[in-house]
1. Might you check whether a residue that is touching a helix residue (DSSP H, G or I) at 6+ places or on another chain (Cβ under 6 Å), at pLDDT below 95 and surrounded by 13 or more Cβ atoms within 10 Å (Cβ to Cβ) occurs anywhere in the stretch 67-84?
2. Return the residues of the stretch 24-34 that are within 12 Å of the chain's Cα centre (by Cα) and either open to solvent by less than 60 Å² (accessible area, probe 1.4 Å) or more than 18 Å from E82 (Cα to Cα) (or both); say none if nothing qualifies.
3. Could you tell me whether any residue of the stretch 44-60 is under 16 Å from D28 (Cα atoms), polar (S, T, N, Q) and open to solvent by 90 Å² or more (accessible area, probe 1.4 Å)?
4. Can you tell me which residues in the stretch 5-20 are surrounded by 15 or more Cβ atoms within 10 Å (Cβ to Cβ) and either farther than 17 Å from Q92 by Cα or within 18 Å of the chain's Cα centre (by Cα) (or both)?
5. Filter the stretch 53-101 for residues that are acidic (D, E) and under 23 Å from the mean Cα position of the chain (by Cα) and give the result.
6. Please tell me if S101 is of a type in the set (S, T, N, Q), closer than 18 Å to R19 by Cα and open to solvent by less than 60 Å² (accessible area, probe 1.4 Å).
Amino acid sequence: MAKSMGMSVEEYQLGMNSRLRMENAINDLRVIGGDESKGVTVERDGNMPPKHLVVTITEEGKAAGKDTLEKNIVEALKSASEKSKVGRDEAQKDMMTYISSEMKKMGMGM
């Protein structure tokens, strides 16, 4: 496979390991959006769309009424989504740092 892509086996393995590390970081990421004091929180991973999504609505959140509850859910989803994007960006930066570090160890230029 590496040869068909014009890569050495080491470069190919580095690419595959890097991708796997980034995927795991994004899958393992947990961010929380919303405001507990408003009775609505959203927990999600870094995937888009999320594989892990937990929406928590307390009795206080329900008591706020339908319109307020809907507004708070939308705000919580948006907040969690924004935090998730930051996490994905960080995972990508970490992947690039890892690749650079590993290439130096292997004596390859980047």
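The values are calculated or read from the model by the stated rules, or taken from the named source; none is laboratory data. Remember, predicted model here, so these are calculated numbers, not experimental data. Don't worry about glycine lacking a Cβ; one is built from the backbone with ideal geometry, like all the others, and counts go over all protein chains shown. Calculation scope for accessible area: heavy atoms of the full protein, side chains included, ligands and nucleic acids excluded. Shrake-Rupley method; radii C 1.70, N 1.55, O 1.52, S 1.80 Å.
1. no
2. Once the filter is applied, which keeps residues that are within 12 Å of the chain's Cα centre (by Cα) and either open to solvent by less than 60 Å² (accessible area, probe 1.4 Å) or more than 18 Å from E82 (Cα to Cα) (or both), the stretch 24-34 yields N24, A25, I26, N27, L29, V31.
3. No: zero hits.
4. Across the stretch 5-20, the qualifying residues are E11, Y12, S18.
5. Across the stretch 53-101, the qualifying residues are E75, E82, D89, E90, D94.
6. yes
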